[in-house]
Amino acid sequence: MRYLSTRGDPARKRFCEILLEGLAPDGGLYLPERYPQVDTATLDKWRRLAYPELAFEVLSLYVDDIPLADLKALCAKTYTQEVFGTQEIAPLKRLEDGLCLEALSNGPTLAFKDMAMQLLGNLFEYELARRGEELNILGATSGDTGSAAEYAMKGKKGVRVFMTSPHGRMSPFQQAQMFSLQDANIHNLAIEGVFDDCQDIVKAVSNDLEFKRKHKIGTVNSINWARLLAQVVYYFAGYFQATKSNAEKVSFAVPSGNFGNICAGHVARMMGLPIDKLVLATNENDVLDEFFRTGVYRVRGSADTYETSSPSMDISKASNFERFVFDLLGRDAGTVKRLFGEELAKSGCFDLSADPAFALAHTRYGFVSAKSTHVDRVATIRDAHQRFGVTIDTHTADGLKVARHFVRPGVPMIVLETALPIKFAATIVEALGHEPDRPVQFDGIEDLPKRVTVLPADAAQVKAFVVAHLT
Ligand SMILES: *Cc1c(COP(=O)(O)O)cnc(C)c1O
């Protein structure tokens, strides 16, 4: 299996080459040259597998530069009951006939990002050891991504994490999760500024190519192909739990921000998993819903990016979306390059409404979409609590609200649960009048000693901190 860039760079790379890379050199995103096809006999066989074995089977179709025995061991080490809370890893919870939740949020940071990041941590450690190299991950977070990365990389050999976050702006629970880590290879940098300042610092450091090369600076952002691939597995796992035979179809409803999660669903569908609809849910930041309704992709400025009660979906542009558009346009890299490399840069917008390919988003690729607002979230959390006796988080509520528009008789609808409610307790209190349950391992987490350094919003000082902590 070789990987190509969505913008037409002629290079063809192998899995481990792109594992530690971000964007392709031409600014595109990596995708496999083709999607391996999974036939009915294979689905029958996979239906009986435990999660780590299923992960191994899916990964082995895309990874041919890690010996199979090693890949199998990495999957077995990653997807354990100890780390993810259950033997199923991603168990299905039935809400009512034809409607269920797939629990993806029982990993160490209580959000679905652990599903991929935990594997990434093990893959990084493996590949860095094999190369005899080190990696210093510099990131910016407003919450979920940073903590998932830290919990995946803590204690890993050859990796250090320097994670910037806006000082005093994360929820107390999120701060406690990150700052209570005492591992020597994890560094929390609270920046006196907002999230955009953190991102600007990361960009400024990454643009200093000399510094980046000399100090082996890398990232773990959501465009990493290995993260996407790890997420493909739970679409298969959800399908097998919701159906009895491969003649059945299911739909998935996915609370979306950067289009990473649902893009994995698209990959699973392209491989032949019998998915009827991919239901994309946005919050008030509805860039993606607008595209699937109108064919116009219009990125937002920071003034038009709202702070909502499902904050992990507060995005102004969807960093993984280019992958889907590449497939939608029949893998025409020239057009993708023009749209993403030129038109977006120039006008912040492109319009496919008049392109015959746009209709295929619905007909051939199964996408539908809608948006959900704060009022919807609160009502949905309340309704799910009253009728089903379950407490869902605000992002999952966006998914459930939108899913309801697209439920069809005979096609189970699987809503992906992307976080646990304790992470967003204030809105749960607003909806239900009481705090959500807290998993026992997080009792008193806010009182633990914190390991964090406060720095001004200044790239030079962040660089100096990194250099001072490389041993
Ligand atoms: C990251 C995140 C999302 C959005 O996922 P994308 O892959 O960016 O579309 C939704 N919900 C939660 C809780 C998240 O952490």
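With viscosity 1.567 mPa s and temperature 4 °C, the Kirkwood radius over alpha carbon pairs of the stretch 1-149 converts through Stokes-Einstein to a diffusion coefficient of 74 µm²/s.
Taking a ≥ b ≥ c as the square roots of the eigenvalues of the Cα gyration tensor of the stretch 1-42, is the shape rounded (a/c under 1.5), prolate (a/b larger than b/c) or oblate? Prolate is the answer for the stretch 1-42, as a/c is 1.5 or above and a/b outweighs b/c. So for the chain, taking the charge dipole from beta-carbon charges (+1 Lys/Arg, -1 Asp/Glu), which of Thr42, Phe179, Leu119 sits furthest toward the positive end? The Cα lying farthest towards the positive end belongs to Thr42.
Among rounded, prolate and oblate, which fits the stretch 218-328 when a ≥ b ≥ c are the square roots of the eigenvalues of its C-alpha gyration tensor, a/c under 1.5 means rounded, and a/b larger than b/c means prolate? Because a/c hits 1.5 or more and a/b exceeds b/c, the stretch 218-328 counts as prolate. Note on Asp44 and Met1: the extension gain reaches 13.1 nm, defined as 0.36 nm multiplied by sequence separation minus the Cα-Cα distance.
If R₀ is 22 angstrom, what is the calculated FRET efficiency for the pair Glu96 and Thr294, using the beta carbon separation as r and rounding to 0.05? Could the numbers behind the result be given before it?
Numbers: r = 32 Å, r/R0 = 1.47.
Efficiency at R0 = 22 Å is approximately 0.10.
Could you give the length gained on full extension between Ala460 and Arg130, defined as 0.36 nm per residue of separation minus the Cα-Cα distance, in nm? Present the calculation step by step, with values, prior to reporting the outcome.
Working: separation 330, 0.36 × 330 = 118.80 nm, distance 3.23 nm.
Stretched out fully, the Ala460 to Arg130 stretch lengthens by 115.6 nm.
For the stretch 73-178, applying the loop criterion from DSSP together with a ceiling of 15 other beta carbons within 10 Å to the trypsin sites (Lys or Arg not before Pro) yields Lys157. Checking the Cα-Cα distances for Lys154/Lys216; Lys72/Lys401; Lys77/Lys212; Lys13/Lys423; Lys203/Lys346 against a 27 Å cut-off, the pairs over it are Lys72/Lys401; Lys77/Lys212; Lys13/Lys423. Which lysines, if any, have their Cα less than 16 Å from the Cα of Lys214, not counting same-chain residues under 8 positions apart? Hits, sequence-local ones excluded: Lys463.
Could you work out the relative contact order of the chain, using alpha carbon pairs under 8 angstrom and six or more residues apart, expressed as a whole percent?
Values: 892 pairs, mean separation 88.3, N = 471.
The value is 19 percent.
Gap in Å between the Cα centre of the stretch 178-248 and the Cα centre of the stretch 120-171? With the stretch 120-171 and the stretch 178-248 each reduced to a Cα centre, they are spaced 8 Å. Per residue of the chain, the DSSP helices (runs of n ≥ 4 H) give a summed -39500 (n - 2.57) that works out to -12000 deg cm²/dmol at 222 nm. Averaging 1/r over every pair of different alpha carbons in the chain and inverting the result gives a Kirkwood radius of 22.6 Å. Taking 0.36 nm per residue of separation and subtracting the current Cα-Cα distance, fully stretching the chain between Ala303 and Glu430 would add 43.1 nm.
Of the trypsin sites (Lys or Arg not before Pro) found in the stretch 222-292, those in coil by DSSP whose Cβ has at most 15 other Cβ atoms within 10 Å are Lys244. Rounded if a/c is under 1.5, else prolate if a/b is larger than b/c, else oblate: which is the stretch 323-380, with a ≥ b ≥ c the root eigenvalues of its Cα gyration tensor? Verdict is oblate for the stretch 323-380.
Solvent-accessible area per residue for the chain at a 1.4 Å probe radius, Å²?
Each residue of the chain exposes 39 Å² on average to a 1.4 Å probe.
Could you look at the chain and say what percent of its accessible area is carbon and sulfur, using a 1.4 Å probe and all protein chains? For the chain, the apolar C and S fraction of the accessible surface comes to 51 percent.
When the expected Rg is taken as 2.2 N^0.38 Å, what fraction or multiple of it is the alpha-carbon Rg of the stretch 323-471? Present the calculation step by step, with values, prior to reporting the outcome.
On the way: Rg = 22.6 Å, N = 149, 2.2 N^0.38 = 14.7 Å.
Normalised Rg, Cα atoms only: 1.53.
Within the chain, which whole H helices from DSSP have a Cα span along their axis of at least 24 Å and a mean Kyte-Doolittle hydropathy of -0.5 or more, if any?
Details: long enough: 113-131 (26 Å, -0.35); 225-242 (27 Å, 0.67).
Span-like helices, by this rule, are 113-131, 225-242.
What order, most packed first, do the peptides 58-67, 347-356 have when packing is the mean number of other Cβ atoms within 10 Å of each residue? Can you show the working numbers first?
Details: 58-67: 17.8, 347-356: 13.3.
Going by the mean number of other Cβ atoms within 10 Å, highest first, we get 58-67, 347-356.
For the peptides 418-428, 78-88, what is the packing order when you average, over each peptide's residues, the other Cβ atoms within 10 Å and list the highest mean first?
Working: 418-428: 22.5, 78-88: 16.3.
Listed from highest to lowest mean packing, they are 418-428, 78-88.
The values are calculated or read from the model by the stated rules, or taken from the named source; none is laboratory data. All values reported here derive from a predicted model rather than from experimental measurement. Note that we place each Cβ from the backbone using ideal geometry, even for glycine, and neighbour counts take in every protein chain shown. We work out accessible area using only protein heavy atoms, side chains counted, and drop any ligands, DNA or RNA first. Shrake-Rupley method; radii C 1.70, N 1.55, O 1.52, S 1.80 Å.
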